[in-house]
Amino acid sequence: MSWGSELWDQFDNLEKHTQWGIDFVEKYTKFVKERSEIETNYAKQIRNLSKKYQPKKNSREEEESKYTFCRAFLTSLNELNDYAGQHEVIAENLTSQIITELSRYLQDLKAERKSHFHDGRKAQQHIESSWKQLETCKRRFERDCKEADRAQQYFERMDADINVTKADVEKARQQAQVRHQMAADSKSEYSSYLQKFNQEQNDHYFTIIPNIFQKLQDMEERRIDRIGVCMKTFADVDRQVLPIVGKCLDGMTKAAESIEPKTDSKQVVESFKSGFEPPGDVEFEDYGQAMKRTVSDTSLSNSKEAREKPAGKSKGKLWPFIKNKNKGSGPEDFSHLPPEQRRKKLQGKIDELNKDIQKEMDQRDALTKMRDVYVKNPQMGDPASVDPRLSEIGQNIEKLQFEAQKFEVTARMAATQRSRIQRLRSKPTSTPSPPTSSTPEFDDEFDDEETLPTIGTCKALYPFEGHNEGTIAVAEGELLYVIEEDKGDGWTRVRRNEDEEGYVPSSYVEVFLETNAKGAMTYI
């Protein structure tokens with residue numbers, strides 16, 4: 001259907017309708033803008049979330065990266081970050097493909113509509129002006145006809161009156177003729193203009209207005225089609241990123257499927273295995289015989305057990321479940337760690353130093369080659385300019401090699417100590433169990449028992465932090481009392497005062513035993 005033929009008399013309604021169409025385009029543009037802002041904000045929040053839970057660069061996070069579920073979570077975070085990027089792409093495409101285009105189209109649409117209605121108003125004003133002129137001609141013809149009738153009647157009265165002179169009658173006749181002529185002229189003008197107006201009116205309602213309305217109809221249909229295209233683009237923008245979003249989700253699924261509980265359980269063993277043997281049976285101690293007792297090799301207590309206590313007060317703490325309250329990085333040789341963990345840390349340190357040594361040696365080889373080139377081709381550079389750097393690298397290599405040798409010696413000593421401990425634990429003996437870096441916390445029930453006698457003194461050669469339960473921290477040069485000698489496990493039991501005693505590495509102290517002290521040879 002054509003607006004020109006069907007809506008020829010609905011100019012005002014068409015004006016309102018087309019304006020409503022423009023308002024709709026503006027509303028849709030605003031809708032897409034808000035959707036784009038939502039996508040931008042959502043992408044930003046997703047990125048922030050991914051960043052917030054990214055592992056920090058510290059030792060704890062490095063330890064966690066050993067587990068498959070931690071690596072899977074990290075992969076999921078990275079995929080989520082890429083997922084957020086696709087929502088940014090959606091926002092960018094909505095802006096470039098819809099918002100920008102519709103904003104430009106709106107300006108053209110408003111200008112086109114304004115032009116068409118300007119032409120329509122101009123045509124309407126023209127036909128209204130023609131109608132007014134026709135009405136003017138019609139009223140003039142009507143007036144002239146009335147004047148001619150009055151003039152004719154006046155002439156007829158004058159002509160019938162015998163008292164009127166012939167001249168007056170002639171004058172009345174001439175006046176009547178003039179009025180009749182004017183009426184004839186007005187009739188002719190009115191008829192001519194009426195014909196002209198009818199033609200213009202016909203053109204107006206059947207040609208001019210239909211053409212203008214047709215243009216408005218075409219404009220409106222293009223607007224509707226444009227909205228449809230934008231709505232399709234609105235969906236396509238999302239559809240375009242679905243393959244990549246799907247890959248992100250597939251990556252998350254693959255990461256989740258890569259989690260291996262058995263592997264993580266094995267990793268827990270690798271991370272926390274101490275290398276110690278479980279304590280053996282506690283030997284029966286016969287209090288009915290008067291004898292000098294020694295602490296059982298597998299006893300969890302110190303020699304304060306000599307005092308008899310009610311059985312109900314025994315707490316019976318077990319080593320594996322005693323919480324280590326001491327925290328910290330520990331000494332450089334990792335002596336605060338259990339044997340197995342210490343071995344791993346020492347080996348890791350050695351590998352790290354060897355890598356650094358190899359890196360320095362590669363730099364030295366490269367600089368040596370450069371110096372050789374300078375020697376052969378002096379114009380390329382001064383060989384002496386390379387010497388300071390070579391000297392510096394040589395010093396770095398010596399320093400790193402010294403460090404590596406120190407840790408290798410420490411590792412060998414730790415391996416020897418560990419094997420000795422294992423041999424000692426494999427033999428049934430009444431010798432007290434050797435203390436280790438994971439010596440447990442002493443039971444509270446022994447706090448008020450008899451104090452072990454001193455068998456000598458010792459001087460600390462190095463500082464020891466004593467992080468683990470059963471050990472005691474000492475400062476370099478500090479003097480302490482020896483209450484139990486090294487039994488072959490590398491630990492000496494010392495006392496600072498009546499309330500502070502514990503184990504220290506034998507290699508950290510210089511011991512001066514009193515040969516005549518009671519119990520000096522008990523543990524040899």
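General observations
- Between the beta carbons of H126 and N13, assuming R0 = 22 Å, the FRET efficiency works out to 0.55 to the nearest 0.05.
- Charged-residue dipole, Cβ positions (Lys, Arg, Asp, Glu), the range 21-139 about Cα centre, Debye nearest 20: 540 debye
- Proximal charge balance of H87 [Cβ under 12 Å; K/R count +1, D/E count -1]: -3
- Figure note: K57, K122, K215 ranked by solvent-accessible area, largest first, 1.4 Å probe, ligands and nucleic acids not counted: K57, K122, K215.
- Relative contact order for the range 73-207: 28 percent, from Cα pairs under 8 Å spaced at least 6 residues apart, divided by residue count.
- 3J(HN,Hα) along the range 157-166, derived from phi through the Karplus expression 6.51 cos²θ - 1.76 cosθ + 1.60 where θ = phi - 60°, amounts to 5, 5, 5, 8, 8, 7, 8, 8, 6, 5 Hz, with x in place of Gly and Pro.
- Model label sites at S191 and K266, defined 7 Å from Cα along the beta-carbon direction, differ in position by 11.8 nm.
- For a label point 7 Å along the Cα-to-beta-carbon line of F402, residues of the range 361-386 with backbone N under 18 Å: 361
- Taken along the Cα-to-beta-carbon direction at a fixed 7 Å, the label points for A111 and I259 span 6.1 nm.
- Largest accessible area first, the listed residues F141, F407, F206 line up as F206, F141, F407 when surface is computed with a 1.4 Å probe on the assembled protein chains.
- Residues whose placed amide H lies under 5 Å from that of I483, excluding near-sequence neighbours: I455, R493, V494, R495
- Virtual spin-label span in nm between D23 and Y53, 7 Å along Cα→Cβ: 4.7 nm
- Spin-label zone in the range 93-108 - amide nitrogen under 17 Å from a point set 7 Å from the Cα of K30 along the C-beta vector: 99-100, 102-104, 106-107
- Taking the 1.4 Å solvent-accessible surface of the range 151-200 as the whole, the part contributed by carbon and sulfur is 49%.
- Label point 7 Å beyond Cα of V229 along Cβ direction - residues of the range 99-125 with amide nitrogen under 11 Å: 101-102, 105
- Rounded accessible area of D281 (nearest 10 Å², 1.4 Å probe): 130 Å²
- Heavy atoms of D185 accessible to a 1.4 Å probe, total area in Å² rounded to 10: 80 Å²
- For the range 47-150: rounded, prolate or oblate by the Cα gyration tensor [a/c cutoff 1.5]: prolate
- Per-residue SASA entry for K16, accessible area with 1.4 Å probe, Å² rounded to 10: 140 Å²
- Accessible surface computed residue by residue for the range 54-135, with neighbouring protein chains in place and a 1.4 Å probe, gives 59 Å² per residue.
The values are calculated or read from the model by the stated rules, or taken from the named source; none is laboratory data. Given the structure is predicted, the values throughout are model-derived calculations rather than measurements. Counting neighbours? That spans all protein chains shown, and the Cβs are built from the backbone with ideal geometry, glycine included. Note: accessible area is taken over every heavy atom of the protein model, side chains too, but ligands, DNA and RNA are not part of it. Shrake-Rupley method; radii C 1.70, N 1.55, O 1.52, S 1.80 Å.
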